[in-house]
Amino acid sequence: MLLTAAYLHFGIKNKDVPPLKPLSSFPTKIGEWKGTVSHFDKKIYEILGVDDSFLCNYRNKNNQTLQLYIGYYGSQREGDLIHSPKNCMPGAGWNIVKSSIITIHVPKQGPKKVIEMALNKGNEKMIMLYWFQSRGRIISSEYWQKIYLVIDSIFKHRTDGSFVRLTTPVLKNEKETKKYLKDFAKELFSILDKYIPSNEAI
């Protein structure tokens, strides 16, 4: 992380790439899910350093709930790098029980690899899916996220990128919880393409 930050601070000047559309216009109705827009405290946004973001709590007809957070960076610089949940969730009191890479088969797009985490805090349990969607790639590794960041800064003069996170509490059946979270992610991918710049963006 120090090497990445140093390169971005002292390296070549990169383009500032805005989202294709402002995240404020992101749909609050996705499939059978209806959402209510929410916001973090101002201090959290200052820590995250995002250029645009979207936070929404969704609920379906079965009263299942989940939260979607998208953080977008037009240009990542020293101090304004995408934060990993593996660093910030323990700081919020959550214990990471398990972390693994899973594959979600998205219609018309094919397989997408994302990170799945199981967390707990006291008697609370939570499942999280997250990935980095940057410059045409779906990245499921903090390590490769930083490597691609430096590579694309050198060859494309771009460091724009986004972080996408889905979270939901485990209230009854963990298997069922994971299933509806993955089903939501399948619908989400096609919508994200309308907001997150691809490899061809200028």
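The values are calculated or read from the model by the stated rules, or taken from the named source; none is laboratory data. Given the structure is predicted, the values throughout are model-derived calculations rather than measurements. Heads up, the Cβs are rebuilt from the backbone with ideal geometry, glycines too, and the neighbour counts pull from every protein chain shown.
Points to keep in mind about this one:
- Among the residues of region 11-24, those that are surrounded by 10 or more Cβ atoms within 10 Å (Cβ to Cβ) and either part of a loop (DSSP other than H, G, I, E, B) or more than 17 Å from the chain's Cα centre (by Cα) (or both) comprise GLY11, ASN14, LYS15, ASP16, VAL17, PRO18, PRO19, LEU20, LYS21, PRO22.
- Output for region 1-29, where each listed residue is closer than 25 Å to LYS86 by Cα and modelled with pLDDT under 80: MET1, LEU2, LEU3, THR4, ALA5, ALA6, TYR7, LEU8, HIS9
- Subset of region 84-119 [outside any strand (DSSP E or B) and either charged (D, E, K, R) or within 23 Å of PHE184 (Cα to Cα) (or both)]: SER84, PRO85, LYS86, MET89, PRO107, LYS108, GLN109
- Condition check for ILE138 on (1) in a strand (DSSP E or B); (2) modelled with pLDDT under 90; (3) of a type in the set (A, V, I, L, M): one failure, at (2).
- One residue from LYS86, LYS61 being over 21 Å from PRO197 (Cβ atoms), surrounded by 13 or more Cβ atoms within 10 Å (Cβ to Cβ) and of a type in the set (Lys, Arg): LYS86
- So LYS61, is it closer than 29 Å to LYS172 by Cβ and part of a loop (DSSP other than H, G, I, E, B): yes
- Against the test of being within 17 Å of the chain's Cα centre (by Cα), modelled with pLDDT of 95 or more, over 30 Å from ASP16 (Cα atoms) and surrounded by 14 or more Cβ atoms within 10 Å (Cβ to Cβ), the options ILE127, ILE115 yield a single qualifying residue, ILE127.
- Restricting region 35-57 to residues that are modelled with pLDDT of 95 or more and of a type in the set (A, V, I, L, M, F, W, C), the residue that is nearest to LYS194 (Cα to Cα): PHE54
- Test: residue in region 54-61 that is touching a residue at least 12 places away in the same chain (Cβ under 8 Å) and closer than 17 Å to GLY161 by Cβ: yes
- Of the residues making up region 64-83, just one is of a type in the set (Val, Ile, Thr) and either assigned to a loop (DSSP other than H, G, I, E, B) or without any contact (Cβ under 8 Å) to a residue 24 or more places away in the chain (or both), namely ILE82.
- In region 181-202, of all residues being modelled with pLDDT under 95 and among the hydroxyl-bearing types (Ser, Thr, Tyr), the one that is farthest from VAL50 (Cα to Cα) corresponds to SER190.
- Looking across region 150-177, the residues that are under 21 Å from VAL50 (Cα atoms) and touching a helix residue (DSSP H, G or I) at 6+ places or on another chain (Cβ under 6 Å) come down to VAL150, ARG158, THR159, LEU166.
- Scanning region 150-187 for residues that are among the aliphatic types (A, V, I, L, M), in contact with a strand residue (DSSP E or B) (Cβ under 7 Å, 6 or more places away or on another chain) and assigned to a helix (DSSP H, G or I) gives LEU181, ALA185.
- Filter pass, GLU32 being on the phi < 0 side of the Ramachandran plot and at pLDDT below 85: no
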